[in-house]
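Comments concern the structure below.
The values are calculated or read from the model by the stated rules, or taken from the named source; none is laboratory data. What you are looking at is a predicted structure, and each value in this text was computed from that prediction instead of being measured. A quick note on method: Cβ atoms are made from the backbone with ideal geometry, for glycine too, and the neighbour counts reach across all protein chains shown.
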Amino acid sequence: MTDMPQPERVVTYVNTGEVVNRPAPLLTAGPLAWIRRNLFSSVFDTALTFLFAITVIGAIYGLVNWSIQQANWFVVTLNLRQFMLGRYEVDPEWRVHLAAMLVVFGTGIALAAFSRVRWRTFAALAIVAAVLVAVPVVIEAALPLPPLYVTAGNMPIASGSVTQEAQSRLAFTARAGEEFRIAVAAQASGDEALAVQSGFMDKATNNLRNAAESRLLAQARLAELDRLLASDLLTANQRVALTGERDRLTIPDPVVERYAVNQAAVTVRVLRGTTLEVLAEATLSADSGPLSVTLPDEGWYVLEKTIAGDAPATAILRVDGMYPLLQRSFSRADAGGGSAGRVNQYIRMTDNFLTEAPLPKIDGQDVPFAVIIDNQYRGVRPFADYLRVHLAPFLKLITPALWQALILLALGVVAGRLADRFFSPADRPRRTSVRVATWLIIVLPIVAFFLAYGVGNVLPVTDTRNWGGLLLTMMLTVVGIIGSFPLGVLLALGRRSDLPVVRYLSILYIETVRGVPLVTVLFMAQLLVPFLNPALADIDAVFRAMVGITLFSAAYLAENVRGGLQAIPPGQVEAARALGLAGWQITLFITLPQALRAVIPALVGQCISLFKDTSLVTIVGLIDLTGISNAVVAQTEFIGLRREAYVFITVLYFVFSYAMSYVSRRLEMSGSGAVRRA
Amino acid sequence: MTGTSAARFHDEPIITCRKVNKWFGDFHVLKDISVDVFPQEVVVIIGPSGSGKSTFIRCINRLEEHQEGEIIVDGIELGHNVRDIAAIRREIGMVFQQFNLFPHLTVLENISLAQRWVRHRPHDEADQRAMQLLERVGIPEQAGKYPGQLSGGQQQRVAIARALAMDPKIMLFDEPTSALDPEMIKEVLDVMKTLALSGMTMLVVTHEMGFAREVADRVLFFDMGRIVEAGTPEHFFEDPQHERTKLFLSQIL
C-alpha cells in the first residue's frame, strides 16, 4: 500500500487567470453527438433504430415502387374537379374559387398579425413552386410519350377464354401540327419480347401479350417440374401429384408463329375525321420505315389498318401520337337557362387535351375511338413513362393553383404589414393587423359559406346535394368548428357555474353526447329528426349533418375549455375581484382568454379530428372527400383504382391536417402564446 | 411618521372591525378580532404562519367571508349586498404575495383594464394614468412588455401600480415581498415607503421587521387567530409584553 502515490490534497483551487472558453469535445456537440445521443445511445436504442429504419424503408420502398410501376394515376388527374368540388354546378364555380382566394388572402393577413413571417420561408416556397412549374416542362422536353400499340389482323386472337378481333378503324384526337407516326413494332417479333412489352395497348395487342406471357409461364413451370422430378427429394405422393401436373400441362404454340405476327404487310391510312379525306397512306412491313404525318388541324382523325392479302396474319403496330381518350357526357344549360342537350367531351389522358367535336362517322356509324378502358397501360412502367404520363400532367394541373395561393398569401402578408405601417401606433406596431385578422377569422368563413351556398337573388342558391369532395369536407369542418366554438365555451362555463340547474344541464348534455358515437348522431340527424317534426325533413341533408357535427363537437370542445379554465390559478380571479371587476368581466377579460390560449393545442387537435371525422357523413349518403373517392372508382373507366384514389385523399387529408397543426404550433410560439406564459 | 400619527387619531376610523370571527370548516381561524384603522395610518401585521393574518386582511375586501362580527369600511358595512361589496372593493387596493398579474395582458393593459371597466375611464385617460403610475414605481419603460418578461420585483411594482390606478383610499399588502429574491425586496419596499409617506392608509402583512420598525404607525401581532399584542413599533420591538411575542421576536431577530 505504501508504494501507491498519495493524491495531492487540493483544498481550494482559486483561479485568477483569464477565463477562456474552449470548444466542446467532438462527441458532445454537433451532428455526430446528436446521432450518438439520440440513435445509438445503448444497445437497445441501436436495435430500435435499425428496426425502425428497416420498417420505414420497406414500407416506403413498396409504396414508391407501386406508385411508379403499377398505379394508374389517371383516376386522380381526370377526376380532380370531382375530388375538389363534387358535382357542384359549373356556373357558380367561380364563387368557390373566390371564397378560397379570400381565405388564403386572409390567412396571409393573419400570418402578418400573429406570427413572425420570414421572407426566407416565402422565397423557399416560391422556389419550390417554380421548380414544380419547371419540372413538367423539362420532363416533356426530355422524355417522349410512351407509344400506343395496336394490332391489325384478320384472325381472332385468343388468350385464355377471351377472344379479340383486331379493329380495322380507330378514331383519335390531336392538336394541330402534331406529328403522328406509325410503324411495325419490330421488337414484338418474338414471344419473349412480346411478354414483357410495356406501353398503352389495345385489346387485341393485350391478348397477344397475355398469350405470350402465359406460354412463357407454362414453359417455366414445365422446366421447374422436370427439375423437381429429376431430383430424389420428393415423397411418393408429391411425385404422383407433380407427374400428374406435368402430364396435364400443355405448352401452347409460339404466339408469334401461331398468329403470324409481323409477317404480312399492313396497309395503313390516316383520314381526317370530318371529311374522311386521306392524309397519308402506306404499306408497312417489318423492315420498312415508319409512316409519318403532320396532322393539320385540331380535332378527330381516323387510323385504318388492314393486313394486305387474305392469308391469316396479324401485325403489331407501334403508334406515336395517338393516346387513350376518356369520354364524358353530361347535359349543359345554354345561355338562356334551358338545356342545350347532351354534350360529349373527349379528354386525351396524357395531357388533358379536350375536344367536344363529334365522333367521325363512316357509313353512318360512329368510328370506335381509342377509349381508355380498352387501351390501358400494360407492363411494368419504366420511371420515364411515369414522369411523362402521370407526374408531368398532374403538376401542370395543380401548379397554377399553387402559384395563386402563394401569391395571395404573400399579398395578404404585405397588406397586413402596410396596414400596420400606416395605421398602427408606434407602441403597438401590430394593432391594426391584429384587429383586421381577428375580424376576418370571424367574418371570412361566413362570407365563404354564403359565396358557396348563395344569397337570395344576388347569388343564386346552389343545390347542396351537389356539394362534394373537398368543398363539402371543408364546409362541414368550418361550420362545425365555428358553430361548436361558442356553444362549447358556453357549456364549459355552464359546467363550472354556481347555479345548479345550469351546471347539471350542462353536465347532462356533455356526458350524453360524449357517450354516443358520431355516426349515431349523424344517423339521428338524417333519419330520426324528420319523424320528430315533418317540417324538419325539408332541411337539406348537408345542413342536418352540419347541425349534428356541431352539437357533437361542442361537447368535446366544452371539456377542453373546462380543462383550460381549471388550470388558471385562483389568484387570477382574486386579483380581478380585488380590482372590483364584475363576474362577467372576469370571465371575458381574465379567465377565458387565458383558458383558451392554454388549450390551443387541444382545440386544434379537435379541429383536426373534426376535419377527419367528417368522412363519416359518407355513411349517411353525403359525398365528401371519402365519399367522392368511392363514387369516382365506381365509374367504368376507373373501376378497381380504389388504392390510387385513397392514396390521393390520404395525402389531401394529411396536407390540411398538418397545415392546421403547423399553424397551431406557430400560434403557441408567437407573441400571443410564448411570451405571455408567465 | 410618528410626528403626524397623533393628529390622525382624531379622525373617524376608516376601517372598523368588531369581534370578527371566521371558520374554515371546523377550524376557527379568526377569533374576536377588533381593530380600528385610521386614515393615513400604516398598520403592519406580523405573526407566525397560520395565525390568520392573511385571512384577516382578505376579509376586509371580502375575498374571504367572515361569519360573525362586523367590518365597516369607509362607512359601509360588509354584508351580503353585492353593491356594497363592489363599492368597498373600489375603495381598497390589494397587492398579493404571488403578484397575480394577468399574464396575457401587457403591463399597460394590466393597469388600465380595471380603470376602464370599473372606473369607466376612457381608453386614453386610463393609459395616461397607467403610465403616470409606472413612472411613480420606476418602470415606465416596461409598459409594452408582458409580465412574464419582468423580474419579480418589477412585477410586484406593476401590481402596486395596478392597485393604485383605481385611486383607492386603502391599500392591503399580503406578504408583498415573500416571493421575491433578496436583491429585489428593497425596490418593492422603497415603493411602499414612498406610498406611506404620501399618506396612504395601508394594512401590511409582512415578515420584513425593518420595514415595520421604520414605516409602521402600529404593529399588530397575530397568533392562533387572535391579536396577541399591538402597539407602536418602538414599544413592540423594544418592550414586548406577551410571552408569545417575545418568543417570536427572539426567533426572527
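Within the range B:107-123, which residues are more than 11 Å from chain A (Cβ to nearest Cβ), part of a helix (DSSP H, G or I) and over 22 Å from the mean Cα position of the chain (by Cα)? Scanning the range B:107-123 gives a single hit, B:H123. Looking at the range A:180-190, is at least one residue more than 26 Å from A:V270 (Cβ to Cβ) and basic (K, R)? Among the residues of the range A:180-190, not one is more than 26 Å from A:V270 (Cβ to Cβ) and basic (K, R), which makes the answer no.
Exactly one residue out of A:A152, A:A166, A:A126 is of a type in the set (A, V, I, L, M), out of contact with any Asp or Glu (no Cβ under 6 Å at 6 or more places or on another chain) and within 30 Å of A:R666 (Cβ to Cβ): that is A:A126. Considering every residue within the range B:42-63, establish whether at least one is exposed (fewer than 15 other Cβ atoms within 10 Å of the Cβ) and not aliphatic (A, V, I, L, M). Within the range B:42-63, one or more residues are exposed (fewer than 15 other Cβ atoms within 10 Å of the Cβ) and not aliphatic (A, V, I, L, M). Residues in the range B:210-253 that are hydrophobic (A, V, I, L, M, F, W, C), surrounded by fewer than 18 Cβ atoms within 10 Å (Cβ to Cβ) and touching a helix residue (DSSP H, G or I) at 6+ places or on another chain (Cβ under 9 Å): how many? The total comes to 6.
Do you know which of the residues in the range A:501-522 that are crowded, with 16+ Cβ neighbours inside 10 Å and of a type outside the set (V, I, T) is farthest from the chain's Cα centre (by Cα)? Among them, the one singled out is A:S506. Taking each residue of the range A:189-203 that is free of Cβ contacts under 8 Å to residues at least 60 places away in the same chain and looking for partners that are part of a helix (DSSP H, G or I) with beta-carbon atoms closer than 7 Å, six or more apart or interchain, yields A:E192/A:L216; A:A193/A:Q187; A:A195/A:R209; A:A195/A:A212; A:A195/A:E213; A:A195/A:L216. With the condition kept exactly as written, say whether any residue in the range B:89-96 is part of a loop (DSSP other than H, G, I, E, B) and out of contact with any Asp or Glu (no Cβ under 6 Å at 6 or more places or on another chain). The answer is no; no qualifying residue exists. Against the list (1) closer than 15 Å to B:P176 by Cβ; (2) surrounded by fewer than 17 Cβ atoms within 10 Å (Cβ to Cβ), the condition B:N100 fails is (2).
Right, B:L101: within 26 Å of A:Q594 (Cβ to Cβ), in a loop (DSSP other than H, G, I, E, B) and within 11 Å of another protein chain (Cβ to nearest Cβ) or not? Before the answer, list the steps.
Numbers: within 26 Å of A:Q594 (Cβ to Cβ): yes; in a loop (DSSP other than H, G, I, E, B): yes; within 11 Å of another protein chain (Cβ to nearest Cβ): yes.
Taking the combined requirement at face value, the residue satisfies it.
Of all residues in the range A:421-433, those being surrounded by fewer than 20 Cβ atoms within 10 Å (Cβ to Cβ) and either under 23 Å from A:T121 (Cα atoms) or in contact with a Cys (Cβ under 7 Å, 6 or more places away or on another chain) (or both) number 3. Of the numbered criteria (1) in contact with a Leu (Cβ under 8 Å, 6 or more places away or on another chain); (2) more than 16 Å from B:F38 (Cβ to Cβ), the one B:I185 fails is (1). The residues on offer are A:T205, A:T250, A:T243, and the sole one that is of a type in the set (S, T, N, Q), at negative phi and assigned to a loop (DSSP other than H, G, I, E, B) is A:T250. With respect to the conditions (1) touching a residue at least 12 places away in the same chain (Cβ under 8 Å); (2) surrounded by fewer than 17 Cβ atoms within 10 Å (Cβ to Cβ); (3) touching a Ser or Thr at 6+ places or on another chain (Cβ under 7 Å), A:G341 lacks only one, and its number is (1). The listed residues are B:F96, B:F24, and the only one of them that is in contact with a strand residue (DSSP E or B) (Cβ under 7 Å, 6 or more places away or on another chain) and either over 27 Å from B:E208 (Cα atoms) or within 14 Å of chain A (Cβ to nearest Cβ) (or both) turns out to be B:F96. Residues in the range A:576-601 that are at pLDDT below 90 and at the interface with chain B (Cβ under 8 Å from one of its Cβ atoms): 1 in all. A search for C-beta distances below 8 Å between a residue of the range A:650-676 that is in the same structural domain as A:L111 (by TED's automatic domain parsing) and closer than 16 Å to B:P103 by Cα and any residue that is at pLDDT 70 or above and of a type outside the set (V, I, T), counting only pairs 6+ apart in sequence or on different chains, returns nothing.
Residues that are buried (at least 19 other Cβ atoms within 10 Å of the Cβ) and in a helix (DSSP H, G or I) were ranked within the range A:619-630; the one that is farthest from the chain's Cα centre (by Cα) is A:G627. Just one of the listed residues (A:A204, A:A236, A:A223) is surrounded by 12 or more Cβ atoms within 10 Å (Cβ to Cβ) and of a type outside the set (S, T, Y), and it is A:A204. Select from the range A:188-201 the residues that are out of contact with any strand residue (DSSP E or B) (no Cβ under 6 Å at 6 or more places or on another chain) and either part of a helix (DSSP H, G or I) or not polar (S, T, N, Q) (or both) and write down the one among them that is surrounded by the most Cβ atoms within 10 Å (Cβ to Cβ). So the residue we want is A:L194. Cβ-Cβ distances below 6 Å connect the following pairs, each with a first residue in the range A:123-141 that is of a type in the set (V, I, T), a second residue that is assigned to a helix (DSSP H, G or I), and a separation of six or more residues or different chains: A:V133/A:T399; A:V135/A:L395; A:I139/A:L387; A:I139/A:R388; A:I139/A:A392.
When each of A:G190, A:G199 is tested for being closer than 16 Å to A:M322 by Cα and among the small types (G, A, S), the lone residue that passes is A:G199.
Just wondering, is there one or more residues in the range A:535-547 that are free of Cβ contacts under 8 Å to residues at least 24 places away in the same chain, assigned to a helix (DSSP H, G or I) and within 14 Å of another protein chain (Cβ to nearest Cβ)? Looking for residues that are free of Cβ contacts under 8 Å to residues at least 24 places away in the same chain, assigned to a helix (DSSP H, G or I) and within 14 Å of another protein chain (Cβ to nearest Cβ), one finds none in the range A:535-547, hence no. Of everything in the range B:129-150 that is aliphatic (A, V, I, L, M) and more than 14 Å from chain A (Cβ to nearest Cβ), the residue that is nearest to A:R430 (Cα to Cα) is B:I139. Across the range B:38-67, the number of residues qualifying as more than 17 Å from B:V95 (Cα to Cα) and either in contact with a Pro (Cβ under 6 Å, 6 or more places away or on another chain) or basic (K, R) (or both) comes to 1. Annotation: B:G153 fulfils all but one of (1) more than 29 Å from B:P13 (Cβ to Cβ); (2) more than 13 Å from every other protein chain (Cβ to nearest Cβ); (3) not in a helix (DSSP H, G or I); the unmet one is (3). Selection of the range A:352-395 for residues being within 26 Å of the chain's Cα centre (by Cα), in a loop (DSSP other than H, G, I, E, B) and under 26 Å from A:V196 (Cα atoms) yields A:N375, A:Q376, A:G379, A:V380, A:R381, A:P382.
Of the strands (runs of 3 or more DSSP E) that lie entirely inside the range A:55-165, those containing 3 or more residues that are closer than 30 Å to A:A265 by Cα and at pLDDT 90 or above span A:148-153. Taking only the range A:459-505 into account, find how many residues are under 30 Å from A:T626 (Cα atoms) and acidic (D, E). Within the range A:459-505, residues that are under 30 Å from A:T626 (Cα atoms) and acidic (D, E) number 1.
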